[in-house]
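Undergrad: Encoded as structure tokens, here's the structure I'll be asking about.
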Amino acid sequence: MSKGIDNVLEIQEKYIEKLRDTVKRQSEEKGRPMTACVVTFGCQMNERDSEKLKGILKAAGYELTESEKADVVLYNTCTVRENADTRVFGRLGYLSTLKKKNEDMIIGLCGCMGQEPHIVEKLKKSYKFVDLIFGTFNVYKLAELLYAHITSGDSIIDVWEESEEFVELLPTERKYGFKSGVNIMYGCDNFCTYCIVPYVRGREKSRPVKDIVEEIEGLTDNGVVEVCLLGQNVNSYGKGLDGNVTFASLLREIEKIEGLKRIRFMTPHPKDLSDEVIDVMSKSEKICRHIHLPAQSGSSNILRKMNRNYTREDYLLLVEKIKKAMPDIAITTDLIVGFPGETEEDFEDTLSLVKEVGYSSAFTFQYSKRTGTPAATFDEQVPEDVIAERFNRLLDTVKESSGCNDNLTGRTMDVLVEGTNDKLEGYLSGRLSNNMLVHFKGDKDLIGKITDVHIDESKGFYYFGTIV
Ligand code: SF4
């Protein structure tokens with residue numbers, strides 16, 4: 001770990017101690033535990049950041065709760081779509097009513113909305129009851145910011161343009177004991193014309209291989225068997241690091257970690273997925289047979305306007321290479337309908353791409369203008385009713401041409417048991433390497449373990465099975 005990060009960790013641990021004394025005193029005064037709630041909006045990287053926020057709050061003595069009727073409420077926000085912001089402002093209004101009943105309540109907003117100057121201005125002007133505002137680069141400073149607010153009574157705004165340090169090894173409250181997301185890089189340099197992420201998550205920066213390996217070794221020591229490597233564009237991992245470090249070389253290093261059974265990653269960009277990565281995947285015992293490959297559109301005309309830097313033909317060639325190297329791979333994707341300038345012909349290209357690739361599933365989105373992105377100023381905005389009509393046709397096509405790979409029926413496969421099935425008494429649910437769900441009868445002791453399951457039948461988007 002670099003000297004700089006050791007130092008940062010030391011400082012923050014001191015603030016956690018100071019905060020712990022304060023929380024203890026408040027709890028004694030109120031004659032009850034002090035509670036804290038973290039609400040997460042958005043992507044897996046936000047989920048991972050929220051695990052850190054919860055870890056710091058718990059280490060400082062707060063009792064974590066899902067209820068927003070808590071002494072500290074933090075919104076870890078997403079700003080990918082305009083309506084995401086609107087929804088958060090609505091919920092802040094609700095929090096202000098709770099604060100009227102608990103005047104010591106502390107309300108904080110962090111994450112991607114915190115990185116937007118116009119949103120910070122709006123909060124300062126019209127949401128004065130929000131006590132803490134910070135962004136995506138200094139999540140690890142929560143104890144320091146909370147302590148500063150509690151001791152001064154002032155609202156604290158601490159938003160950074162960027163950060164050199166990756167501070168990951170602070171207390172963490174992980175959602176699952178057997179699997180974990182691991183940040184390998186931050187930021188994105190791709191500037192797709194519909195996307196706000198490069199403006200709120202900054203330029204691409206990769207964590208040193210040594211730090212990532214150390215973190216995963218720590219996780220496997222604590223029972224984690226599956227990791228998901230996280231980054232906005234994991235394929236450009238290594239850019240800016242000394243030596244010839246690539247995503248493929250990182251995967252090779254992580255493959256060596258004992259105790260680790262499965263490796264997943266999110267999100268690769270099709271333009272950067274190298275033959276070397278495909279080769280490493282195909283030869284790997286641990287890298288899962290699932291790849292999320294966002295196409296966004298099936299039309300080269302629209303892909304150019306989106307600044308995706310690949311054509312339909314490039315994308316299909318890549319899919320062909322992946323399937324040739326790993327015939328049992330499951331591919332999922334993201335698709336946007338109604339991007340400015342999209343003609344019926346362009347849309348038909350997206351439908352035919354879905355049929356040609358045969359995705360196991362797809363995340364589908366109706367294009368919506370995002371202030372601050374180039375596409376929001378493009379001419380030829382598609383009327384909403386046209387977008388909605390196309391969206392329904394896309395859903396039908398995805399439903400018809402995607403889902404389970406029937407070839408698995410009758411085979412015995414290893415499944416990571418993730419939990420009990422809420423709908424079926426006595427059933428467990430777990431994921432195959434290709435990320436598809438399987439439901440089967442079994443004992444709760446199996447949760448977190450990889451076990452052999454005979455695939456009895458496919459039900460479209462999941463399987464039923466029997467433990468072997
Ligand atoms: S690759 Fe494109 S869509 Fe993905 S985060 Fe970067 S700019 Fe956004």
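The values are calculated or read from the model by the stated rules, or taken from the named source; none is laboratory data. Predicted model only: the values in this text are computed from it and were never measured. Neighbour counts run over all protein chains shown; Cβ positions are idealised from the backbone, glycine included. Note: accessible area is taken over every heavy atom of the protein model, side chains too, but ligands, DNA and RNA are not part of it. Shrake-Rupley method; radii C 1.70, N 1.55, O 1.52, S 1.80 Å.
Undergrad: Out of everything in the stretch 262-274 that is over 19 Å from Ser433 (Cβ atoms) and outside any helix (DSSP H, G or I), what residue ends up being nearest to the ligand (Cβ to nearest atom)? Explain how you work it out, then say what you get.
TA: Our first condition is that a residue be over 19 Å from Ser433 (Cβ atoms); within the stretch 262-274, this holds for 269-272, 274.
In the following step, the residues that additionally are outside any helix (DSSP H, G or I) were identified as 269, 274.
Numbers: His269: 5, Ser274: 16 Å.
Selected residue: His269.
Undergrad: State yes or no: is Thr343 under 25 Å from Asp189 (Cα atoms) and either surrounded by 20 or more Cβ atoms within 10 Å (Cβ to Cβ) or not acidic (Asp, Glu) (or both)?
TA: no
Undergrad: Follow-up. Pick from the stretch 192-210 the residues that are over 30 Å from Ile336 (Cα atoms) and either open to solvent by 10 Å² or more (accessible area, probe 1.4 Å) or among the polar types (S, T, N, Q) (or both): which of them is farthest from the ligand (Cβ to nearest atom)?
TA: Taking the stretch 192-210 first, the residues over 30 Å from Ile336 (Cα atoms) are 207-210.
Okay, now just the ones that are also either open to solvent by 10 Å² or more (accessible area, probe 1.4 Å) or among the polar types (S, T, N, Q) (or both), so 208-210.
Numbers: Pro208: 22, Val209: 22, Lys210: 26 Å.
Looking at residues that are over 30 Å from Ile336 (Cα atoms) and either open to solvent by 10 Å² or more (accessible area, probe 1.4 Å) or among the polar types (S, T, N, Q) (or both), I get Lys210.
Undergrad: Further, regarding this structure: All but one of (1) out of contact with any Asp or Glu (no Cβ under 9 Å at 6 or more places or on another chain); (2) under 30 Å from Cys112 (Cβ atoms); (3) at pLDDT 95 or above hold for Arg431; which doesn't?
TA: Result: Arg431 fails condition (1) only.
Undergrad: Please determine, by comparing only the residues of the stretch 220-261 that are more than 16 Å from the ligand (Cβ to nearest atom) and in contact (Cβ under 8 Å) with a residue 60 or more places away in the chain, which one is nearest to Cys195 (Cα to Cα).
TA: Top of the filtered list is Cys228.
Undergrad: Could you list all residues from the stretch 413-464 that are hydroxyl-bearing (Ser, Thr, Tyr) and touching a helix residue (DSSP H, G or I) at 6+ places or on another chain (Cβ under 8 Å)?
TA: Thr420, Ser458, Tyr463
Undergrad: Here is a follow-up. Of all residues in the stretch 354-389, which are touching a Leu at 6+ places or on another chain (Cβ under 8 Å) and open to solvent by 80 Å² or more (accessible area, probe 1.4 Å)?
TA: Glu356, Phe363, listed by residue number.
Undergrad: When the stretch 275-313 is examined, which residues are found to be within 15 Å of the ligand (Cβ to nearest atom) and part of a helix (DSSP H, G or I)?
TA: Across the stretch 275-313, the qualifying residues are Ile302, Leu303, Arg304, Lys305.
Undergrad: With respect to the numbered conditions (1) closer than 15 Å to Asn138 by Cβ; (2) of a type outside the set (A, V, I, L, M, F, W, C); (3) surrounded by 18 or more Cβ atoms within 10 Å (Cβ to Cβ), which one is the sole condition not fulfilled by Gly42?
TA: Going through the list (1) closer than 15 Å to Asn138 by Cβ; (2) of a type outside the set (A, V, I, L, M, F, W, C); (3) surrounded by 18 or more Cβ atoms within 10 Å (Cβ to Cβ), Gly42 breaks only (1).
Undergrad: I'm told Asp189 meets every condition in (1) buried (at least 18 other Cβ atoms within 10 Å of the Cβ); (2) within 10 Å of the ligand (Cβ to nearest atom) except one. Can you identify the failing condition by its number?
TA: With (1) buried (at least 18 other Cβ atoms within 10 Å of the Cβ); (2) within 10 Å of the ligand (Cβ to nearest atom) applied to Asp189, the lone miss is (1).
Undergrad: May I ask you to say which residue of Gly442, Gly419 is farther than 19 Å from Arg289 by Cα and under 23 Å from the mean Cα position of the chain (by Cα)?
TA: Gly419
Undergrad: Sticking with this one: Tell me the residue from Lys175, Lys122, Lys179 that is of a type in the set (D, E, K, R), away from the ligand (no atom under 16 Å from the Cβ), surrounded by fewer than 20 Cβ atoms within 10 Å (Cβ to Cβ) and at pLDDT 95 or above, please.
TA: Just a single option satisfies the conditions, and that option is Lys122.
Undergrad: Another question, if that's okay. Can you tell me which residue is surrounded by the most Cβ atoms within 10 Å (Cβ to Cβ) among those in the stretch 422-439 that are in a strand (DSSP E or B) and within 22 Å of the chain's Cα centre (by Cα)?
TA: So the residue we want is Gly430.
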